[in-house]
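Nothing in this text is a laboratory measurement; each read-out follows from the coordinates by a stated rule. Because the structure is a prediction, the values reported are computed rather than measured. A quick note on method: Cβ atoms are made from the backbone with ideal geometry, for glycine too, and the neighbour counts reach across all protein chains shown.
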Amino acid sequence: MTTHRSTLGISSAGGRPSFHKITDQVKTAVAASGVRQGLCVVSTHHTTCSVMIQEDSIDLTYNGLEFLQQDLWDILEELIPTTRAEGQYRHPGPELTEFSRLHGESKPETLNTDGHLRSAFFGRSETIPVVDQDLDLGRFAHVYFVDFDQTRPRDREVSVTVMGD
């Protein structure tokens, strides 16, 4: 069995959730692996981010989001409102705030509870079958990396691990 791992770098703009279609980069990693039949795991370590499979909605809103992404954001805003003030959520508490300060993060940057909660719903990884050295996504599906943290621009990483024969 072959195992191949690669890392994708992604930059988010901050100010709103950002969606990044990474299907082509994941397919490139699968091709580089040489695996013809197996599994591809796309994951991130970032706890305010998610990896998801969804349709490419094609049409774009004025702010550049696909319609389906905007719909998702609108629904999430109703279910899990964006953190706008300290105390809106229990997290972050005083000990985490101090820990974050000691590790270079300002108080406003810790007010990203909404991103953590949203990520918890969608998860941080997807496992996709590899068939004939291609992702078995179906006709309309794409792989997306979503950064729900809106507090500032961030550099993120996505791991692509391909296993099989």
Flag if Thr151 is buried (at least 16 other Cβ atoms within 10 Å of the Cβ) and touching a residue at least 24 places away in the same chain (Cβ under 8 Å) | yes
Count, please, the residues in segment 32-47 that happen to be in contact with a helix residue (DSSP H, G or I) (Cβ under 7 Å, 6 or more places away or on another chain) and either free of Cβ contacts under 8 Å to residues at least 24 places away in the same chain or outside any loop (DSSP other than H, G, I, E, B) (or both).
-> 2
Could you run through segment 38-59 and say how many residues are of a type in the set (A, V, I, L, M) and in contact with a Lys or Arg (Cβ under 9 Å, 6 or more places away or on another chain)?
-> 1
Might you check whether a residue that is over 13 Å from the mean Cα position of the chain (by Cα), of a type in the set (Gly, Ala, Ser), surrounded by fewer than 17 Cβ atoms within 10 Å (Cβ to Cβ) and within 27 Å of Asp134 (Cα to Cα) occurs anywhere in segment 32-50?
-> yes
Of all residues in segment 1-24, how many are part of a strand (DSSP E or B) and β-branched (Val, Ile, Thr)?
-> 4
Strands (runs of 3 or more DSSP E) lying entirely in segment 121-165 (those with 1 or more residues that are among the aromatic types (Phe, Trp, Tyr) and within 22 Å of Ala32 (Cα to Cα)) = 141-147
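Which of the following residues is within 24 Å of Thr110 (Cβ to Cβ) and of a type outside the set (Lys, Arg): Gly15, Gly38, Gly34?
Matching residue, one of Gly15, Gly38, Gly34: Gly15.
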Matching option when the condition is of a type in the set (A, V, I, L, M), within 30 Å of Thr23 (Cβ to Cβ), surrounded by 13 or more Cβ atoms within 10 Å (Cβ to Cβ) and touching a helix residue (DSSP H, G or I) at 6+ places or on another chain (Cβ under 6 Å), among Leu117, Leu65, Leu76 | Leu76
Identify all residues within segment 42-65 that are of a type in the set (Asp, Glu) and touching a strand residue (DSSP E or B) at 6+ places or on another chain (Cβ under 6 Å); write none if there are none.
-> Asp56
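Condition first: touching a residue at least 12 places away in the same chain (Cβ under 8 Å), more than 15 Å from Lys27 (Cβ to Cβ) and not hydroxyl-bearing (Ser, Thr, Tyr). Can you find one or more residues in segment 124-132 that meet it? Before you say what the answer is, go through the steps one by one.
If we filter segment 124-132 for residues that are touching a residue at least 12 places away in the same chain (Cβ under 8 Å), which is where we start, we get 124-132.
Checking which are more than 15 Å from Lys27 (Cβ to Cβ) leaves us with 124-125, 127.
Next, from what is left, pick out any that are not hydroxyl-bearing (Ser, Thr, Tyr): 124.
Scanning segment 124-132 turns up at least one residue that is touching a residue at least 12 places away in the same chain (Cβ under 8 Å), more than 15 Å from Lys27 (Cβ to Cβ) and not hydroxyl-bearing (Ser, Thr, Tyr).
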Kindly check whether there is at least one residue in segment 62-81 that is in contact with a Lys or Arg (Cβ under 9 Å, 6 or more places away or on another chain), among the polar types (S, T, N, Q) and touching a residue at least 24 places away in the same chain (Cβ under 8 Å).
-> yes
